[in-house]
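S.K.: What follows is a single structure, and I will ask about it in a moment.
The values are calculated or read from the model by the stated rules, or taken from the named source; none is laboratory data. Keep in mind that what you see is a predicted model, and the values were worked out from it rather than measured. Glycine also receives a Cβ, built like all others from the backbone with ideal geometry; neighbour counts cover every protein chain displayed. Note: areas computed on protein heavy atoms with side chains; ligands, DNA, RNA excluded. Shrake-Rupley method; radii C 1.70, N 1.55, O 1.52, S 1.80 Å.
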Amino acid sequence: MIEIGAHVDLSHPPDRVWLALTDRELLGRWFAEADMVEGVPDRLVLHTAGLPGFDADVEVEVTERRVPELLVLRCDEAGRLTELTCAVTATKQGSRLTVREVPTHGSWSEEQHDPREQQLRQALTVRLPAILDWLAFQQVDLRRGEVGMTTELPVLGAAGPARARRRRRAAVAGLAGVVLAAGLVAWLTLPGEQGPSAAAPSGSPTPTTPSPSMAAAAPTAQPKATPSARPTRSPTPTTTVRPSRTPSAKPSRTSTAAPPPPPPLVARYDTDSSRLFGYTGEVVVDNPGPAPAEQWVVVVTLAEGSSVDDVEGADWRQDGQSITFSGLAVPAGGTRTIRFDVRDSRPKAREPEGCTVGGNPCAGL
């Protein structure tokens, strides 16, 4: 007996997946258009003629229904009878949909089986997730100032908290700048600061007070050039020698006291679990240095046709096949773990083509 089966992990609750399976308009968006059979309850006609692996339209009758877990259909395609079972189970990330079609009268040829199964997998892994994402946004009340959202969207990234932290840091830095500026103005305008300025002129009259006594004691020494030479010589050596010594000493001290650069971050990649149309990857970033690593970037290059569905432990963005991760500081001597789900349209999931941390390759690939 030849049967067709496929399953897909979705980041949506079972109720939303059930709605996409049973709503006639939604079903037409991701699989095939459907019409009700007049006068017959639980009967539909799926317009599948022309789709890969289908010879004609399929008449469908619901034989078992358990909301939102199980849907069993009896299908009739031009005299070929099959039973189609759709099972929805809740998972930690959302739900898993398993579809299985078994012939009960007649069978498919080998030329029909492969295109028909490929058509089903394409619908489940590409078009259905897109419709579920669209449906999730349709079920959200985006009007601000009222009750708010009517349902919770799936979390696809952790960029929100990081941006909020950056805004708080920017606000604290701005407040600190205002306080410093106000303190500087107050310091410049304090009345007590007039003391040093008054002390500076007081030094100038001190040499003038002994000068009359010196003139009275030795009146003949006034025409000599010694007083003019002494004040001119004393400021020049002090102003030239002191600055030349201080800058020469400072660079020598800073160069000897410069700390060595911290060791680079290292990372390793591992495929935690694999599925029929995807897998869960994990990157562990290790900081062997004595100080926290504030700035770090991990870049994972996926296989062509793959995309990231959900990420834990880092902020992320996707640009083609490259996924860039960043986030909170890696503690000194500690690690930070990044887990991400990858969706692949091919039956056998393919591991990433590359992984780097700070430009250096990760272990495990």
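S.K.: Take the solvent-accessible surface of the protein heavy atoms, probe 1.4 Å, and return the percent of it on the stretch 1-141 that carbon and sulfur atoms account for.
M.R.: 50
S.K.: Roughly how many Å² of CYS75 are accessible to a 1.4 Å probe, to the nearest 10?
M.R.: 10
S.K.: Counting Lys +1, Arg +1, Asp -1, Glu -1, what net charge surrounds PRO262 among other residues with beta carbon under 15 Å of its beta carbon?
M.R.: -2
S.K.: Roughly to the nearest percent, how much of the accessible area of the stretch 254-309 is carbon and sulfur, given a 1.4 Å probe?
M.R.: 57
S.K.: How about the stretch 258-365: which trypsin sites (Lys or Arg not before Pro) there are in a DSSP loop, with at most 12 other Cβ atoms within 10 Å of their Cβ?
M.R.: Here the trypsin sites (Lys or Arg not before Pro) that fit, given the DSSP loop and packing criteria, are LYS348.
S.K.: For the stretch 1-103, what class follows from the C-alpha gyration tensor (a ≥ b ≥ c being the square roots of its eigenvalues): rounded when a/c is under 1.5, otherwise prolate if a/b is larger than b/c, else oblate?
M.R.: Prolate, because a/c is 1.5 or more and a/b exceeds b/c.
S.K.: Along the principal axes of its C-alpha atoms, what lengths does the stretch 29-72 span, in descending order and rounded to whole Å?
M.R.: Over the stretch 29-72, Cα extents along the principal axes are 31, 26, 18 Å.
S.K.: Moving on to the next point. Where in the stretch 1-34 does the amide nitrogen come within less than 13 Å of the point 7 Å from the Cα of GLN122, taken along Cα to Cβ?
M.R.: Only 31-32 fall inside the zone, counting backbone N under 13 Å.
S.K.: Between ALA303 and ALA363, take the C-beta separation as r, use R0 = 25 Å, and let me know the FRET efficiency to the nearest 0.05.
M.R.: 0.85
S.K.: If you look at just the Cα atoms of the stretch 57-124, how large are its Rg and its Dmax in Å?
M.R.: Cα only, the stretch 57-124: 13.4, 41 Å (Rg, Dmax).
S.K.: Quick one: check the C-alpha center-to-center distance for the stretch 1-54 versus the stretch 271-298, whole angstrom.
M.R.: Taking the Cα centre of each part, the stretch 1-54 and the stretch 271-298 sit 38 Å apart.
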